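Values in this text are rule-based calculations from the coordinates and carry no lab data. Just so we're clear, the structure is a prediction, and the values are computed from it rather than from any experiment. Please note: Cβ atoms are built from the backbone with ideal geometry, for glycine as well, and neighbour counts cover all protein chains shown.
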Amino acid sequence: MKRICAVASFLFFAAAPLYCAGASLEQCRELRHHGKLPQARSCFEELTRSADAFTRAEGYWGVADFTAANEQFRAAYRNQPKSAAVRVEWGKLLLERFNPQQAASLFQEALQLDKNNAAAYLALARVSAASFEKEAVDFAKMAIAYDPKSAEAHEFLAYLALEDSNPGTATDEAQKALALSNEDLDAMAVLASEDWLKGDAHSQWMDRILKINPVYGEAYATGAHFLEINYRYSEAIDFYRKAIALNGNLWDARSQLGMNLMRIGSDDEAKQELQQCYAAGYRNAETVNSLRLLDTLGNYQDVTSSNATLMLPKQEAALLQLYMQPELKRALAAYQKKYRMTLPGPVRLEVYPNHDDFVVRTLGLPGQGGLVGVTFGLTVAMDSPTARPPGDMNWASTAWHELSHVYVITATHSLVPRWFTEGLAVHEEGAASPRWGERMTPSIVTALKEKKLLPVASLDRGFVRPEYPDQVLVSYFEAGKICDFIVQKYGDNAILGIIQSYADRKNTAEAIQENLHETTGAFDKEFLAWLDASTGNTVRNFDAWRHGLATAHAALDNGKLDAAILAAKQVNGFYPEYTGKGSAYELLAQAYEKKGDKRAAISELEKYRDGGGTGLDSLKHLAVLEQGAAQNAQAETTLRALNDIYPEDQEIHQQLGKLLLAQGDATGAIREGEAVLALHPADVAASHYQLAKALNAAHRASEAKDQILLSLEAAPDYKPAQQLLLQLSQ
Amino acid sequence: MGGDLTVRLLLLFLATSWFATAGTYFVTVAGLGGTPEYEAQFAKWNTDLDGLLHGNGAGAVVQSLSGPAATRQNLRDLLERLSGQMHPDDTFALLMIGHGTFDGTDYKFNLPGPDVTAAELAKMLDRIPATEQLIVNMTSASGASLPVLARKNRIVITATKSGNEKNATVFARYWIDAMRDPAADTDKNGTISALEAFRYAEAKTAAYFQMEKLLATEHPLLSDTGKTVGVAHPEPANGQGALAAIFPVLRPPSETVQNVDPAKRTLLQRKQQLEAKIDRLKYQKAALPEEEYKRQLTGLLLDLARTQAEIDK
């Protein structure tokens, strides 16, 4: 039978090999489908002795000899240059073995050979799904279009729908899959996951799965995936453990177990699981990068207080703890009061100086692009200011944002939908400081213009599987504004009420009805009208603003200062919120300064600062101008704002320290002096001297003397330090 | 240990007496920019540098070449003319701003007309009578000139570590800043030494690339012992920096011990003795118990502070 199949496969290209080997391959797959793993293995081993490379490839794949499988697929690829099926199968192997780009190329090749190849479309859907791309849904639908009887395609659509928080569609598609194949285990896994997401410990669907395949741990792994993308990491861990208990060779599940253990701070156990994966040859990016990150934890030190631990990189700890510890304390106190709750344990804030290390903490979760912070229960991970170009992030607002998640996720037992916790976090940034929060960027204005905001009932979708490049950003903005609107119209108690509704397992429509007493449709209408009142002018005059600002810049570049000022002032009113690159405020400040009008320049830059501008050079220049104009209170505000953005700049601390000392704030001056020294300044003598002055002002004479000695040790002839030494020695 | 201390004390003596009497000659050259932006940038830096070097007072001779006048021949002529005025106990500094190139064999400083190679520069500099020399090559690919220019009693500073670092440099900007920023004067003696300027500019250059999250395309080096390999961090451990530490790049004209009354001279001598004792004590720090070191240091610093207060009366 096998020899005939081999000949047939030579003569009949695409379908033939699978048809003939299919009987045998199908048998192997059937055995595996029913959990008869040892028998399945024997079956696959037999396939490895086939005369047909394609069949051998499937056999080796079945016994997990991936290298041999790859070689046989390569041979089959050469032998069958017109076989779409070979390409699809080979691509699936590559996708399984961590090579999505090459896999996608093979699937595309298959489509070039056979443009109606449903299996290729479905495979491309899986590639896109790994990155939560919207194309995943499009490809899955095309698979169904070309093969309406593909249970696998329907089951995958069910999976994607549940990722998009669309249980209705998920159920429909899963049922369609089951109607086509009543033993579709993965369709049942999606249905079981819906039960688990609702909080049901037991699902009849899992019973059915186990009757068909008693060792189908993949179903638990599926459930774990949905739990983890809904912040329910501890539950996800339990489910991954169940998956592995049924089948210890589910390496993907074990790797995910390790990643989730890292998320809740169980680093030792995480390492054990990940090392097992690595040793078994399961070396995907998540496993390898997570292990590498765990190896670097010795480069961090913990700074602990009663209710929080800061994990700081050793080389930055002396500086960052001066600011992060008090900010953490302030945020926790504010949230404890606002949310009327005490957390069940201490908060852990991990700060990563290397953005790539931070990214490892977020791998596998939706909505990745541009993240600078992420929360896992009581643990927050964020970039250090040094992980990004200066001005790219505001560490203080990021900390407040993430800490809001800690409270809301805890308060709702992790049942809060993504849009609401993100929206509330954005709102809290703005509540903590009017300079923080999600600004209306040009891409958001464009989205408003094109009416791309989502209804509140489906806003989660904008975070998980964006339909256009900036949709995640737009969704953050929209969610934040929704929370602003609710607070403005209904007060903070409405927010607390909504939190409770989610904790009681209500959905968004129910939460809004209960607390705001209207349907989501009515809410959307009201919210959009409210939003339009503050953004409509910008949206309607966006093109005029762009054109006018460009004109202003051109005039400034040509030295036509008055023309630049006129053009910028004419359009700035259209979009006063814009503090991005090339803002009107900065342009006006430049022009005014060139005309010698420093007061006007200061005024414009202060508007820039207060509007959330984060350009380091502009703000530093503002601080210099303010000090020059003896506007010390404003200078202090500016320097504090700079500290929130990039505390690694010595000059900021030097200037702020001098200002605070002059104003009698010795404690603040000491902090700034310590910050300068933490940055290993070149001017050691002056730095120790400044700190000595601050300590002296705080009547800490002995410490002041120590600092003066350090100053003079570096520069014995430093006169100001000599004078202070004499004074301290009297 | 004793020999090293003798060298250090000798250098301290030289620092206070040698440079007080000898003349100081500075030549700045801004080479070919190639584009209007670079032309303007190099010209501005040259003007700034020239202005700052004039802060050394009437005792310093500062000459500058830029624009079309910055030709190889003009440079040669200028150096020859200045050589006619110099003595062996004078100091000479050449500061180069602009683009450099390296073809695998020769470093060239890009000038209007024919470029000047490192070898040609070395020949010109070898004819200069001033024994102590400072060459600050702030151009791209300047690292390739270091092995050629290195010589005993000559401090060579380059903006890049090799001829393969070919991007336009930012080092020049920070070298100039060093001469403006009091923070560069880390020993607070009122003088910016070549070492202080180098350390300041090197640190600022590294910080620039780190802040901008860019791969660093220049790594400044210094060699002042004649070694053909420079170092990024001159210190006693690698034997570099001692000459650069006492070569003043910017020194206010009042910093001399000439023309003071005998009483003040006694105080100044007392001051120098205390400075030497402090220097010696710091050298012994590792061998002393911490409290003893602190006690002795405090005593000497107090003495020095009182002496300075008397001098300043």
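Okay, here's what the table says:
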{"quantity": "Whole-Hz couplings from phi, Karplus 6.51/-1.76/1.60, listed for the stretch A:262-278; x for Gly and Pro", "calculated": "4, 5, 9, x, 8, 5, 5, 5, 4, 4, 4, 5, 5, 5, 4, 4, 4"}
{"quantity": "Zero-based 10 Å bins, Cα pair distances in the stretch A:243-370, whole percents", "calculated": "11, 35, 32, 17, 5"}
{"quantity": "Residue order, fewest to most surrounding Cβ atoms within 10 angstrom, among A:HIS680, A:HIS621", "calculated": "A:HIS680, A:HIS621"}
{"quantity": "Cα-only Debye scattering, chain B: base-10 log of I(q)/I(0) at q = 0.06, 0.10 Å⁻¹", "calculated": "-0.22, -0.59"}
{"quantity": "Rel. contact order, % - alpha carbon contacts under 8 angstrom, at least six apart, the stretch A:61-134", "calculated": "24 percent"}
{"quantity": "³J(HN,Hα), Karplus 6.51/-1.76/1.60, whole Hz, each residue of the stretch A:398-411, x for Gly, Pro", "calculated": "4, 4, 4, 4, 5, 5, 4, 4, 3, 5, 5, 5, 5, 4"}
{"quantity": "In the stretch B:170-236, the GluC sites (Glu not before Pro) that fall in loop regions by DSSP, at most 16 other Cβ within 10 Å", "calculated": "B:GLU212"}
{"quantity": "Exposure proxy ranking, count of Cβ atoms within 10 Å, fewest first, for A:MET324, B:MET211", "calculated": "B:MET211, A:MET324"}
{"quantity": "Estimated 222 nm signal from helices in chain A, with DSSP H stretches of n ≥ 4 weighted -39500 (n - 2.57), rounded to 500", "calculated": "-22000 deg cm²/dmol"}
{"quantity": "Amide H contacts of B:VAL116 (H built 1.01 Å from N, under 5 Å, at least 5 apart or other chain)", "calculated": "B:PHE109, B:LEU111"}
{"quantity": "Shape category assigned to the stretch A:389-531 from the gyration tensor of Cα positions, a/c cut at 1.5", "calculated": "oblate"}
{"quantity": "Chain B, relative contact order in percent, only Cα pairs under 8 angstrom and at least six apart counted", "calculated": "15 percent"}
{"quantity": "Loop GluC sites (Glu not before Pro), the stretch A:465-562, which have at most 15 other Cβ atoms in a 10 Å radius of their Cβ (DSSP)", "calculated": "A:GLU467, A:GLU518"}
{"quantity": "Long-range amide H partners of A:PHE376 with built H, under 5 Å", "calculated": "A:ALA381"}
{"quantity": "Distance between the stretch A:240-305 and the stretch A:677-701 - C-alpha centres, whole angstrom", "calculated": "44 Å"}
{"quantity": "DSSP bridge pairs, the protein assembly as shown: antiparallel proportion in percent, nearest 5", "calculated": "40 percent"}
{"quantity": "Solution diffusion estimate, µm²/s, Stokes-Einstein, the stretch B:37-123, Kirkwood Rh from C-alpha pairs, 10 °C, viscosity 1.306 mPa s", "calculated": "111 µm²/s"}
{"quantity": "Inverse of mean 1/r across different Cα pairs in the protein assembly as shown, Kirkwood, Å", "calculated": "34.0 Å"}
{"quantity": "Fraction of beta bridges assigned by DSSP in the stretch A:347-498 that are antiparallel (%, nearest 5)", "calculated": "45 percent"}
{"quantity": "Likely footprinting exposure, A:HIS688, A:HIS401, fewest C-beta neighbours within 10 Å first", "calculated": "A:HIS688, A:HIS401"}
{"quantity": "Of A:LYS658/B:LYS282; A:LYS719/B:LYS271; A:LYS329/A:LYS481, pairs whose Cα-Cα distance is over 19 Å", "calculated": "A:LYS658/B:LYS282; A:LYS329/A:LYS481"}
{"quantity": "Over the stretch A:605-730, relative contact order from alpha-carbon pairs under 8 Å, at least 6 apart, %", "calculated": "15 percent"}
{"quantity": "Amide H within-cut-off set for B:ILE155, under 5 Å, with H built and near neighbours excluded", "calculated": "B:GLN133, B:LEU134, B:ILE135"}
{"quantity": "The stretch B:111-159: trypsin sites (Lys or Arg not before Pro) in DSSP loop, at most 13 other beta carbons within 10 Å", "calculated": "B:ARG127, B:LYS152"}
{"quantity": "Gained length - B:LYS285 relative to B:TYR208, 0.36 nm times residue gap less alpha-carbon distance", "calculated": "24.3 nm"}
{"quantity": "Per-residue HN-Hα couplings for the stretch A:541-551 [Karplus 6.51, -1.76, 1.60; θ = phi - 60°; Hz; x = Gly/Pro]", "calculated": "10, 4, 5, 5, 4, 4, 5, x, 5, 4, 4"}
